[in-house]
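The values are calculated or read from the model by the stated rules, or taken from the named source; none is laboratory data. As the structure is a computational prediction, the values presented were derived from the model and not from experiment. Cβ coordinates were reconstructed from backbone atoms using ideal geometry, including for glycine residues, and neighbour counts include every protein chain displayed. These area figures cover heavy atoms from the full protein model, side chains too; ligands, DNA and RNA do not enter into them. Shrake-Rupley method; radii C 1.70, N 1.55, O 1.52, S 1.80 Å.
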Amino acid sequence: MPAKKKAPASPKAKPKAVAAKKPTAANTKVKKSTAAASNPADSISSLMQENRLFPPSKDFSSKAHISTLAQLKALREKAAKNPVKFWEEQAKALTWFKPWKTALKWKHPFAEWFVGGKINISYNCLDRHVATWRRNKAAIVWEAEGGEQRTLTYQALLSEVCKFSTVLKSLGVSKGDVVAIYMGMVPEAIIAMLACARIGATHNVVFGGFSAEALRERINDSKAVAVITQDGSYRRGSIVPLKDNVDAALTETPTIQNVIVYKRVGSDVNMMIGRDHWWHERMMVPMAPCAPEPLDSEHPLFILYTSGSTAKPKGILHTTGGYITQVAYTTKMVFDLREEDLYFCMADIGWVTGHSYIVYGPLANGASIFLYEGAPNYPAPDRIWDMISRHKVTVFYTAPTAIRGFMRAGEQYPISHNMSSLRLLGSVGEPINPEAWIWYHTLIGNKRCPIVDTWWQTETGGIMISPIPGATTLKPGSCTMPLPGILADVVRKDGVSCGPNEGGLLVVKHPWPGMLRTIYGDPQRYKDVYWSDFAPTRTRPGYYLAGDGARKDKDGYFWVMGRIDDVVNVSGHRLGTAEVESALVSHKTVAEAAVVARPDDLKGSALVAFVTLKSGVDSEPSFLEQHREVLRSHVIKEIGHIAKLDEIRFTDALPKTRSGKIMRRLLREIAHGNVVTGDTTTLEDFSILEKLRQDEE
Ligand code: PRX
């Protein structure tokens, strides 16, 4: 039974009008306060206090890698005194072809880890396991959306990766080249990633749900020389035409020389002679063994695009030795990985969670991973529970948005399956609300499984703040404390640490091995975005600005409150509002657009667009009604399905500052249905606000 504790009354608490939630079976124990934790910078307020405690069970702790809080504290303190030494110790768990000379070269804000060392990640994920009894252990257990199954042992995976490495080389792809991967959730996507890592090509995985335009932009920015794709992929019973999208994207991509197409669905696709090659045909040619390339520790492993607050997505660059050190260590410790686990991460390979915690972290540890191709609710809402029970999954890692979707579908689905194989649950991508946490804990974990709520980012490469399940007492909604070797804090705008429960900015105070090295092709932007708010001073080093608001409670637990900039988190994915706005404005009828998020029970955030149409465009209500659908489809075509606008409001004008900046803060408040409370002195034309409030969809 969880122990309960009374919330400390905040003397500075100020009341804020929020609608009280109806009590439900799941949330009746949640003691919510409507008091906002005080924040001198007046930027972020906390509206929630959750006081239940879930200590680890004796049974779990007794078998865990770290089994007591005292052990964890000692490790954290030792690591904090000398983080570089701590990470050196973790790096030694990997196989290096040549040891490093300097563990960290830090020239603010550019880090190099394990300098002078030579390593290959595919060797660490494959060859070194194949040299042991693990060669016949399942590396990937895959289930197609239609139910077909495949298991690849470590030996089989290595042999596929070697063959595909040779295919890449035979097409002229070599060390240092960038290769775009635009695929669904099939083992071949992992084979493609590992083959790139084996020969030293840098992969740029583009989420299969992105449109041709988004793919083209990412290919061009990264100057990719090849694309690896499929004819199509299955999603909710229909076919996503990946190859057609590639064809559309490649009309203006001068750097692409080759396209390799994995036949998955057997649909008719156009194959351009000389440029396009079938995966299965190329893989049939006799192959010589492909030795892993010994790569510098700082060799670029991948570029992954993530949205920023301006229209252009940021190519986050990760390198080799430091990245694999952090993801291998955190996979082992956070998921308390055991040899006999079947580990299932529900993320897509196109997001960083797929990179770090489907592919690299688990395989570096010699784990068996479960990979699922399709939609979580296809053909029925119990698909995931059915697979967990049939395959006897032991560790399950998903996102709060998925959990809320499962909750909405109903508890009859999980309770009809025997999920007693599960021993640990994980959450990532956005703050998990306590109701969802309790539901996850009760219905999925049967009150037995610890939940690791892991905070990290595409930029951080690996998990930064998380419980250690055998040692940490959990609080629903808190990602608890930074991992050993990670010096994270919550600070005020002047860099001073916030007091207990004071909302502030989440920062990292010391370089860590999995950190992004730069924004691809734009080091200045890297500096500006992450390192300029807290540049080094005479009295303190520079801090990394995560861009999230957070508070630490009196026990030092971190509570992340979301993004501080205009990026919106929809279904666990970050979307730059500016990117959505520029997609809207690219429609011939649109003059101007502003996009904001409003809280949504299911998706975390819903997207609301305020749109000004060009003069002369019909303003009849019947036309506008239809036009909403036209614009929705247009944005989906430009960016992909994740950018589906939930609400579109037409307006004559947008609220702007005198210097012409759209005041999204005001729009956000209007979209929330609240009265505008903040400062409006910089507003150019106040009457616009009144008008906007009346113009509801
Ligand atoms: O706002 C935080 C939120 O997701 C952002 C990072 O998004 P992305 O780069 O797409 O990576 C998602 C997967 C690592 C963060 O800045 N976020 C991620 N995990 C959590 C979270 N917010 C609260 N709690 C978390 N556990």
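Could you check how many percent of all C-alpha pairs in region 256-335 are farther apart than 21 Å? Walk me through the numbers before you get to the answer.
Values: 1987 of 3160 pairs.
The answer is 63 percent, as a whole percent.
For region 54-99, run through the trypsin sites (Lys or Arg not before Pro) and keep only the ones in DSSP coil with at most 11 other Cβ atoms within 10 Å of their Cβ. Don't skip to the answer; put the middle values down first.
Numbers: sites: Lys58, Lys63, Lys73, Arg76, Lys78, Lys81, Lys85, Lys92; in loops: Lys92.
Passing both the DSSP loop test and the Cβ count: Lys92.
Could you work out how far apart the two model spin labels at Ala375 and Lys81 are, taking each label as a point 7 Å from the Cα in the direction of the beta carbon, and quote it in nm?
It is 5.6 nm.
Can you work out the FRET efficiency for the pair Ala70 and Lys223, with r the C-beta to C-beta distance and R0 = 41 Å, to the nearest 0.05? List each step's numbers first, then the result.
Values: r = 51 Å, r/R0 = 1.25.
E between Ala70 and Lys223, to the nearest 0.05, is 0.20.
From the residues Gly462, Val580, Leu505, which one has its Cα farthest along the dipole of region 441-595 in the positive direction, the dipole being from +1 and -1 charges on Cβ of Lys/Arg and Asp/Glu about the Cα centre?
About the Cα centre, the residue reaching furthest to the positive side is Gly462.
Can you list the GluC sites (Glu not before Pro) in region 272-359 that are in a DSSP coil and have 11 or fewer other beta carbons within 10 angstrom? Mind showing how you got there, number by number?
Values: sites: Glu281, Glu298, Glu339, Glu340; in loops: Glu298, Glu339, Glu340.
Loop-located and lightly packed - Glu339, Glu340.
Explain nothing, just the number: dipole magnitude of region 331-375 about its Cα centre with +1 on each Lys and Arg Cβ and -1 on each Asp and Glu Cβ, in debye rounded to the nearest 20.
Numbers: 2 positive and 6 negative charges, 27 e Å.
For this selection, approximately 140 debye.
At a Förster distance of 35 Å, what's the computed FRET efficiency of Ser622 paired with Asp528, Cβ-Cβ distance as r, to 0.05?
Numbers: r = 46 Å, r/R0 = 1.33.
For Ser622 and Asp528, the calculated efficiency is 0.15.
For region 70-201, with every protein chain kept in place, what is the accessible area per residue (1.4 Å probe, Å²)?
On the way: 5130 Å² over 132 residues.
Dividing the accessible area of region 70-201 by its residue count gives 39 Å².
Using a probe radius of 1.4 Å on heavy atoms only, what accessible surface per residue do you get for region 227-345? Whole Å² is fine.
Numbers: 4580 Å² over 119 residues.
On a per-residue basis, region 227-345 sits at 39 Å².
Quick one, can you get me the convex hull of the C-alpha atoms of the chain expressed as volume per residue in Å³? Working shown, then result.
Values: hull volume 114.4 nm³, N = 697.
About 164 Å³ per residue, rounded to a whole number.
So how much slack lies between Phe97 and Met284, counting 0.36 nm per residue of separation and subtracting their Cα-Cα distance, in nm? Each step should come with its number before you reach the end.
Working: separation 187, 0.36 × 187 = 67.32 nm, distance 3.08 nm.
Contour length minus the Cα-Cα distance gives 64.2 nm.
At 0.36 nm per residue, minus the direct Cα-Cα distance, what do Thr539 and Glu148 gain on full extension? Give it in nm, one decimal, please. Walk me through the intermediate numbers first.
On the way: separation 391, 0.36 × 391 = 140.76 nm, distance 6.03 nm.
Full-extension gain reported as 134.7 nm.
Hey, got the dipole for the chain? About the Cα centre, +1 on K and R Cβ, -1 on D and E Cβ, debye to the nearest 20? Intermediate results must be reported in sequence, preceding the final value.
Working: 87 positive and 72 negative charges, 558 e Å.
Magnitude of the dipole: close to 2680 debye.
Given a Förster distance of 45 Å, report the FRET efficiency between Arg275 and Ala653 from their Cβ-Cβ distance, rounded to the nearest 0.05.
Numbers: r = 48 Å, r/R0 = 1.07.
Efficiency, from the Cβ-Cβ distance: 0.40.
Given an 8 Å cut-off on Cα distances and at least 6 residues of separation, report the relative contact order of region 59-218 as a percent. All intermediate terms of the calculation are to be shown ahead of the outcome.
Numbers: 178 pairs, mean separation 22.6, N = 160.
Normalised by residue count, the contact order of region 59-218 is 14 percent.
Taking K and R as +1 and D and E as -1, what net charge do the other residues with C-beta under 14 Å from the C-beta of Ile256 add up to? Mind dumping the intermediate values first?
Numbers: positive: Arg216, Arg218, Lys223, Lys243, Arg275; negative: Asp177, Glu217, Asp221, Asp247, Glu252, Asp276.
The answer is -1.
Summing Lys, Arg as +1 and Asp, Glu as -1, what charge do residues with Cβ under 14 Å from the Cβ of Asn204 carry, Asn204 excluded? Display every interim value, and only then the final one.
On the way: positive: Arg216, Arg218, Lys223, Lys314; negative: Asp177, Glu217, Asp221.
Around Asn204, the charge tally is +1.
Looking only at region 386-538, where both bridge partners belong to it, what percent of the DSSP beta bridges are antiparallel (to the nearest 5)? Don't skip to the end; give the middle numbers.
On the way: 7 of 15 bridges.
Roughly 45 percent of the DSSP beta bridges within region 386-538 come out antiparallel.
For region 267-294 and region 188-232, what is the centre-to-centre distance using only Cα atoms, to the nearest Å?
First find each Cα centre; the distance between them is then 15 Å.
Once the piece of chain linking Glu89 and Ser586 is laid out straight, how much longer is it, given 0.36 nm per residue of separation minus the C-alpha distance between them?
Details: separation 497, 0.36 × 497 = 178.92 nm, distance 5.16 nm.
Result for the pair: 173.8 nm of gain on full extension.
Among all cysteines in the chain, which have no other cysteine Cβ under 4.7 Å from their own Cβ?
Lacking a cysteine Cβ partner under 4.7 Å: Cys125, Cys196, Cys345, Cys449, Cys479, Cys498.
Which net charge results for the neighbourhood of Leu126, defined as the other residues with beta-carbon distances under 11 angstrom from its beta-carbon, given Lys and Arg at +1 and Asp and Glu at -1?
Numbers: positive: Arg128, Arg134, Arg135, Arg198; negative: Asp127, Glu160.
Here the charged neighbours net out to +2.
If you keep only loop residues by DSSP, which trypsin sites (Lys or Arg not before Pro) in region 99-205 have at most 14 other Cβ atoms within 10 Å of their Cβ? Provide the component values of the computation, followed by the final result.
Working: sites: Lys101, Lys105, Lys107, Lys118, Arg128, Arg134, Arg135, Lys137, Arg150, Lys163, Lys169, Lys175, Arg198; in loops: Lys101, Lys137, Lys175.
Answer in residue order: Lys101, Lys175.
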